[in-house]
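Data first, discussion second: the structure below is written as structure tokens.
The values are calculated or read from the model by the stated rules, or taken from the named source; none is laboratory data. Predicted, not measured: the structure shown is a model, and the values here were computed from it. Reconstructed Cβ throughout: ideal geometry from the backbone, glycine too, with neighbour counts over all protein chains shown.
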Amino acid sequence: MSGPPPTPTNLRILRGNPSKRPLPTGEPEPARAPAIPGPPAYLTGYARDEWWSISPELYRLGLLTVIDVAPLAAYCQAYGRWRTAEESLARMAANDHLMSGLIIKSRTGEAVANPLVGVSRRAANDMVRYANEFGLTPAARTRLAAGPNGEQQQSKFAGLLAGR
């Protein structure tokens, strides 16, 4: 299938459905947990901290259901990997004022790019890709129209655009 992936109905509702196209019917609605789901046991350190940092808000907005645990865990794992790599690079940079830890010596003594740079870049790319799925980036949030408690806000021009 070509083109952008379909947007989940819940996100379309939060965005306000500006195109006024009919919302799909019959879309499966996963069960919402009675409370904020806890992080999977394999999340540790920074990944676990990130889970507890963002899951309450996602739950409040209705974007965290029982089947969203694995994608959110993947985001948190990417965040933890990115933060660990960046902190390691910062420690190396403190000891290497010339190259800031971006270039290291290989076993043969040749200068090579620090593998941590690639780890950080790939983790950051993964993190941003997952974050977009949950509306966690500034660009993704501009497409959301949720009120203070997750209720949809009505535009002052809604009646005009609806032909009323």
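Only residues that are surrounded by 10 or more Cβ atoms within 10 Å (Cβ to Cβ) and farther than 21 Å from residue 63 by Cα were counted in region 35-51, giving 3. Set side by side, the residues 104, 36 differ, and just one is farther than 25 Å from residue 4 by Cα and in a strand (DSSP E or B), which is 104.
Just one residue in the set 74, 41 is among the aliphatic types (A, V, I, L, M), modelled with pLDDT of 90 or more, within 30 Å of residue 88 (Cα to Cα) and under 14 Å from the mean Cα position of the chain (by Cα); that residue is 74.
Let's see how each residue does on (1) out of contact with any Ser or Thr (no Cβ under 8 Å at 6 or more places or on another chain); (2) within 25 Å of residue 34 (Cβ to Cβ):
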{"residue": "75", "(1), (2)": "yes, yes"}
{"residue": "78", "(1), (2)": "yes, no"}
{"residue": "82", "(1), (2)": "no, no"}
{"residue": "98", "(1), (2)": "yes, no"}
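For region 8-34, the candidate set comprises residues that are in contact with a helix residue (DSSP H, G or I) (Cβ under 8 Å, 6 or more places away or on another chain) and surrounded by fewer than 13 Cβ atoms within 10 Å (Cβ to Cβ); within that set, the residue that is modelled with the lowest pLDDT is 27. Yes or no: region 111-130 includes at least one residue that is closer than 30 Å to residue 16 by Cβ, surrounded by 14 or more Cβ atoms within 10 Å (Cβ to Cβ), acidic (Asp, Glu) and in contact (Cβ under 8 Å) with a residue 40 or more places away in the chain. Taking every residue of region 111-130 in turn, at least one turns out to be closer than 30 Å to residue 16 by Cβ, surrounded by 14 or more Cβ atoms within 10 Å (Cβ to Cβ), acidic (Asp, Glu) and in contact (Cβ under 8 Å) with a residue 40 or more places away in the chain. Of all residues in region 74-99, those satisfying the criterion of being free of Cβ contacts under 8 Å to residues at least 24 places away in the same chain and either in contact with a strand residue (DSSP E or B) (Cβ under 9 Å, 6 or more places away or on another chain) or surrounded by 19 or more Cβ atoms within 10 Å (Cβ to Cβ) (or both) are 96, 99. The condition (being closer than 16 Å to residue 135 by Cα and either in a loop (DSSP other than H, G, I, E, B) or out of contact with any strand residue (DSSP E or B) (no Cβ under 6 Å at 6 or more places or on another chain) (or both)) is satisfied by just one residue among 71, 22: 71.
On the stretch given as region 109-127, residues that are touching a Leu at 6+ places or on another chain (Cβ under 9 Å) and outside any helix (DSSP H, G or I) total 2. Scanning region 105-127 for residues that are more than 19 Å from residue 81 (Cβ to Cβ) and in contact with a strand residue (DSSP E or B) (Cβ under 9 Å, 6 or more places away or on another chain) yields 105, 106, 111, 112.
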